[in-house]
Amino acid sequence: MRFTQFFNTALISLCYTIGALAQSVAGPQGSNNTVASSIFVSDNQDIAFALNVPNNSATDLYFSIMVPTQRAWGAIGLGANQMAGALMLVVYGSEDGQNVTVSPRLASGHSEPVFTPDINIQTLPGTGLVNGSAAYLFNGKCTNCRSWKSSVKGDSDGKNKTLDIKSTEQSFLYATGPLGRGAIQSNAKDAPLKLHYSYGTFTLDMVRATGAGGVPVISQNGTNPGRVGTTQRLMVEGKTSRAGTAHAIIMVFVFVGLFPFGTLVLRLGNWVRWHAINQAFGGLLVIIGFGLGADISKLYNRSKNFSSAHQVIGIFIFIFVLGQFALGFFHHRIYQQTQQPSKMAPIHIWLGRFIIVLGVINGFLGFNLAQSSYWNLILGGLVIFVFPVIALILVTKHFISKKWNNHNSKDGPKEGAVGGFDMEPWRQTAETQQYQQASYQPNPIIARPQTAHGQGGPSLSGMPMGTTPGYQVHIGTGPAPLGPQQSTREYV
């Protein structure tokens with residue numbers, strides 16, 4: 001791990017050096033190494049920024065930003081040490097991967113900044129990939145970056161945010177996207193961003209950066225990795241979306257693991273109690289996961305309006321899960337009273353199957369929305385492994401049960417017969433019901449003739465025998481009226 005970090009640091013340093021050499025011979029707009037500038041390079045060297053304040057303009061700024069292509073994106077925040085109210089200059093790869101896109105955005109808090117068309121940035125020569133496509137380099141001129149409207153409600157009573165060009169310690173901030181995966185390649189100014197991996201703050205000497213206008217040069221001269229007139233104040237690395245990670249883990253665990261396992265418990269051993277406990281626990285996790293998903297949706301522009309397919313389907317799944325719990329609860333109560341499956345049983349079963357399938361599909365959509373589509377491979381592997389295994393277990397159980405029933409009955413019990421394997425008792429046919437009735441063959445009973453007084457005649461032993469009030473004698477070999485047949489399974 002340390003070797004990898006050392007290698008990345010060395011590679012980034014080399015990028016900066018070559019970028020500086022390239023800019024030293026760049027042509028127009030005063031792009032040379034004599035331009036007045038202040039230069040910042042982060043401690044972990046994953047972003048560099050140089051600024052020039054032309055003394056012949058009251059609105060213009062020249063700047064240069066360099067970010068390794070290993071990072072999904074990089075951004076510099078002007079005039080603030082926190083995101084709220086800052087003007088962010090975000091850079092990332094172009095659609096063809098051969099150039100750099102810059103996107104001016106306004107930040108309103110700890111959420112993805114929003115593209116603003118009010119800021120005018122001109123792309124200058126030298127912009128592109130440097131050091132064999134190892135780093136992005138953007139050279140630009142902003143004609144109105146010294147003052148901008150804050151996007152924070154009620155901030156500064158509606159006044160504009162401004163840069164103090166007389167300050168020797170003007171506050172700035174920076175952020176970089178995750179390493180490797182999720183890199184952006186787009187020409188769109190409002191391309192969606194993933195949560196930053198590292199961020200920090202620094203101060204910049206605006207007085208030192210003031211002089212003749214031109215693109216400043218990012219170099220690696222000096223003992224303080226290329227910094228000129230800047231000081232690092234804060235640096236945080238390894239930032240991840242814990243809520244997003246928890247949301248994904250919970251939902252995958254429920255819809256690929258817990259809910260299918262609950263179905264297996266019921267079908268395999270008819271353990272209704274454990275089925276209820278398992279599915280209720282899964283429903284509780286769905287509520288938690290739904291809450292986490294709703295919370296992180298407010299952080300990103302692509303999900304703030306809750307209009308994506310993943311979010312819409314997720315809302316329906318949440319409602320279905322609550323309805324499924326209610327169906328199961330009332331069905332069980334009715335079964336306890338009547339010992340017969342209710343009409344809600346097939347609805348409960350098929351709705352449960354639909355919820356599991358829909359939840360798995362929504363998982364794939366969720367990873368796409370989070371710009372983490374590479375996790376779809378893991379989810380697909382789990383689906384391919386788990387569901388066939390469950391199906392194999394159930395088929396094997398059905399085969400063994402059928403063989404066992406055939407072994408214990410000369411004619412072979414029908415599905416639904418007493419003591420047989422009743423997969424779906426509400427689907428019993430007339431043939432299975434006839435078989436159940438025929439399974440009871442009581443011995444014939446000899447009735448005693450009643451006397452005129454309602455007393456029974458003499459018994460076989462010659463002793464008088466009275467008739468018990470309310471007792472009815474059944475004669476013949478037909479089925480006795482024993483009440484409704486009790487199903488061996490409540491529901492599947």
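The values are calculated or read from the model by the stated rules, or taken from the named source; none is laboratory data. Since the structure is predicted, the reported quantities are computational estimates derived from the model, not experimental observations. Heads up, the Cβs are rebuilt from the backbone with ideal geometry, glycines too, and the neighbour counts pull from every protein chain shown. Side chains are part of the model used for accessible areas, which takes the heavy atoms of the whole protein and leaves out ligands, DNA and RNA. Shrake-Rupley method; radii C 1.70, N 1.55, O 1.52, S 1.80 Å.
Restricted to segment 71-84, and to residues that are surrounded by fewer than 23 Cβ atoms within 10 Å (Cβ to Cβ) and touching a Leu at 6+ places or on another chain (Cβ under 8 Å), which residue is nearest to Asn187 (Cα to Cα)?
Met83
If you check every pair at least six apart or on different chains, which have Cβ atoms under 7 Å apart with a residue in segment 120-132 that is among the charged types (D, E, K, R) first and a residue that is modelled with pLDDT under 95 and open to solvent by less than 60 Å² (accessible area, probe 1.4 Å) second?
Final answer for the pair search is none.
Taking only segment 309-322 into account, find how many residues are touching a Leu at 6+ places or on another chain (Cβ under 7 Å) and more than 19 Å from Ile250 (Cβ to Cβ).
Qualifying residue count, segment 309-322: 1.
One residue is enough: does segment 223-233 have a residue meeting the conditions at pLDDT 90 or above, touching a helix residue (DSSP H, G or I) at 6+ places or on another chain (Cβ under 8 Å) and open to solvent by less than 50 Å² (accessible area, probe 1.4 Å)?
The answer is no; no qualifying residue exists.
Could you grab me the full set of residues in segment 152-178 that are at pLDDT 70 or above and among the small types (Gly, Ala, Ser)?
Residues satisfying the conditions are Ser167, Ser171, Ala175, Gly177.
Please indicate, with yes or no, whether at least one residue in segment 333-355 is part of a loop (DSSP other than H, G, I, E, B), surrounded by 15 or more Cβ atoms within 10 Å (Cβ to Cβ), modelled with pLDDT under 90 and among the hydroxyl-bearing types (Ser, Thr, Tyr). Break it down stepwise before answering.
Quick first cut of segment 333-355, residues part of a loop (DSSP other than H, G, I, E, B) only: 339-343.
Within this subset, residues satisfying the condition of being surrounded by 15 or more Cβ atoms within 10 Å (Cβ to Cβ) are 340-342.
From what is left, the residues that are modelled with pLDDT under 90 are 340-342.
If we keep only those that are among the hydroxyl-bearing types (Ser, Thr, Tyr) as well, we get 342.
Looking through segment 333-355, at least one residue is part of a loop (DSSP other than H, G, I, E, B), surrounded by 15 or more Cβ atoms within 10 Å (Cβ to Cβ), modelled with pLDDT under 90 and among the hydroxyl-bearing types (Ser, Thr, Tyr).
Which of the residues belonging to segment 275-308 are over 18 Å from Phe253 (Cα atoms) and assigned to a helix (DSSP H, G or I)?
Initially, segment 275-308 is screened for residues over 18 Å from Phe253 (Cα atoms), giving 294-308.
Hits for segment 275-308 are Ala294, Asp295, Ile296, Ser297.
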